[in-house]
1. Say we join alpha carbon atoms closer than 10 Å with springs in a Gaussian network model of the chain; which of 42, 230, 287 then has the biggest fluctuation?
2. Using 1/(1 + (r/R0)^6) with R0 = 51 angstrom and r between the beta carbons of residue 74 and residue 333, what's the FRET efficiency to the nearest 0.05?
3. On a 24 Å Cα-Cα criterion, which of the cross-link pairs 54/235; 235/258; 197/258; 8/54; 54/258; 205/258 come out too long?
4. To make sure I understand, if each residue's beta carbon is the centre and we count other beta carbons within 10 Å, what order do 364, 5 fall in, fewest to most?
5. Select from 188, 377, 66 the residue whose mean-square fluctuation is largest in a Gaussian network model of the chain (Cα-Cα springs shorter than 10 Å).
6. Please label the shape of the chain as rounded, prolate or oblate, based on the square roots a ≥ b ≥ c of the eigenvalues of the alpha-carbon gyration tensor (a/c under 1.5 means rounded; beyond that, a/b larger than b/c means prolate, else oblate).
7. Expected output is a single nm value to one decimal: the length gained when fully extending between residue 156 and residue 287, i.e. 0.36 nm times separation in residues minus the C-alpha distance. What is it?
8. How would you classify the range 198-384 from its alpha-carbon gyration tensor, with a ≥ b ≥ c the square roots of the eigenvalues: rounded for a/c under 1.5, else prolate if a/b is greater than b/c, otherwise oblate?
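No value in this document is a laboratory result; all are computed from the given coordinates. The model shown is predicted, which means the values in this text are computed figures rather than measured ones. Counting neighbours? That spans all protein chains shown, and the Cβs are built from the backbone with ideal geometry, glycine included.
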Amino acid sequence: MTPDSRVKVAVALDPPEEGWPSMDLVGHQLRAELTQNDPHRSRFDICWIEPHLKRWISCPFGADSRLGRAAWRADRLWGRHWQAVRLARRILKREAAAGRPLEVLHVADHTYAQVALAADPDMAVVCHLHDLNAFQPLLDPQRDPRPFWYRALVRRIVKGLRRAERVVCISGATRRQAIETGLVSADRLVVAHLGPKPSVVAEPKPALLERVRRDLGMERGGPWLLHVGSNVPRKRLDLVLESLAAARREWPEARLIKVGDRLTPAQMERAGRLGVADAVIQTGALSEERLSAVYRLADLTLLPSDAEGFGLPIVEALAAGCAVVASDLEAIREVGGDQVLRVPPGDADAWRVWTCRALRDERSGNPALGTQREQLRAARRAWAARFGWDQHVAAVTRAWLEALEAARRRSRRR
C-alpha cells in the first residue's frame with residue numbers, strides 16, 4: 001500500500017489535564033500500537049489531535065480552595081465544549097488545505113464526543129464509549145439532577161456521539177446499557193476490551209520490589225489492602241475505609257495503600273471517625289513499574305464501585321496475580337469472571353465480612369493453602385492474559401474501515 005492510498009485518520013486524544021488514567025491509557029496504547037506496528041503503519045496515516053485545558057478562570061485561585069475547584073470545573077467545561085472543538089476544526093481544515101484531507105475522525109473519550117461536530121458531513125466518525133456516567137443527567141435526572149445549561153451541554157455530547165458511524169464500547173456491559181437507554185443504535189456499537197498496561201504485566205525486578213516495599217513501609221505489619229483509582233463518589237471509598245477498619249480489628253497492623261487521587265477532606269474525616277486515618281498510605285499517581293510492584297506486594301485489591309464501564313484495576317491486579325474483591329456489577333462479571341470475589345454493591349456489612357475472609361485466605365500459614373494460593377495466582381494471570389491491546393487496536397481499526405465505508409455509502413445516497 002502506497003503512502004497516498006493509506007486511510008487518513010485524525011485521533012483526538014484526551015487532554016492530560018483531565019487526569020483520567022483509563023482515557024489517557026487508551027490514547028497512549030493507540031499511539032504505541034499504531035506507530036510501532038508495521039501493518040497498521042502501512043494501512044493508516046495518523047494525525048494526532050492533542051488538546052490541552054488552559055486555566056483561564058481558575059488561574060488566580062488556589063487549586064485546593066473551594067473557589068479554585070469551582071473555577072477549574074468552569075475551565076474544564078470551556079475546554080471541552082469550545083477549545084477542543086475549535087482545535088479539531090482548525091486541524092481538519094489545515095490538513096484539507098494542504099491537500100491531505102482526513103477521512104476518519106476518532107474521538108478517544110466520549111466526554112469529548114462533541115469534537116465530532118467539527119467533522120465535515122462526508123467524514124467518517126468513530127468514538128470510544130467508556131461508560132454512561134456522563135449521560136446520567138439526561139438518562140436519570142432524579143438521581144443526577146443538574147441545571148438546564150448543564151443538561152444542554154450533555155445533549156451536545158450526545159449529538160456528537162450519535163454523529164459517529166461506529167462507537168467503540170470498552171465492554172459488552174457498556175454496549176448493552178447504551179442500547180437499553182437508547183443512547184446509540186445497536187448497529188453502530190462494537191466492543192473492544194481494554195488491556196492491562198504492558199509494564200504491569202511484566203514481572204518487576206527484585207531490586208524494585210524491595211525498594212517499593214521499603215519506601216511504603218511494607219517490610220513489616222500488614223495485611224495490605226490496595227485501592228487504585230479516583231476519589232469520586234461512585235468509587236465508594238467509604239466502603240474501602242469500612243473494610244480497612246474491619247481488617248484492623250483482626251489485624252491491628254493492617255494498612256491501605258491508596259494509589260491515584262488523594263482522599264477528599266470528607267473522606268479523611270470519615271477515616272478519622274473509623275480510627276484508620278493513620279493506616280492509609282496515599283501515594284498519588286505511580287509510575288507503571290512501581291504500580292506493578294505494588295500490585296504484587298498487596299494482599300488484596302478492593303474495587304467497591306457503584307458503577308464501572310470496565311474496571312481496569314481488576315485486570316491489572318489479576319495480571320499481577322493479586323486477589324480482588326469487587327462489586328457485583330455486570331462489567332466486573334464480564335472482566336473478572338470467576339477470578340474475582342464479588343460483593344453486593346453498597347452493602348457495607350458484606351464488604352467488611354468478605355474483605356476479612358479473603359485476607360484470612362491470603363494470610364493463612366497452612367502449607368496446603370499456600371500451594372492453592374500459587375495455583376490461584378497462576379489462574380488469575382491466565383485469565384488476565386485474554387485482555388490485550390493488540391486485540392483492542394485491531395477492533396478499533398476495523399471500526400475505522402467500517403465507519404469509512406458507511407460514510408461513503410451515505411455520501412453516495414445524497
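1. 287
2. Details: r = 38 Å, r/R0 = 0.75.
Given R0 = 51 Å and the Cβ-Cβ separation, E is 0.85.
3. 54/235; 8/54; 54/258
4. Going from sparsest to densest Cβ surroundings: 5, 364.
5. Result for the chain, Cα springs under 10 Å: 66 fluctuates most.
6. Details: a/c = 1.99, a/b = 1.59, b/c = 1.25.
Prolate, because a/c is 1.5 or more and a/b exceeds b/c.
7. Full extension from residue 156 to residue 287 adds 43.6 nm.
8. Note, shape of the range 198-384 comes out rounded.
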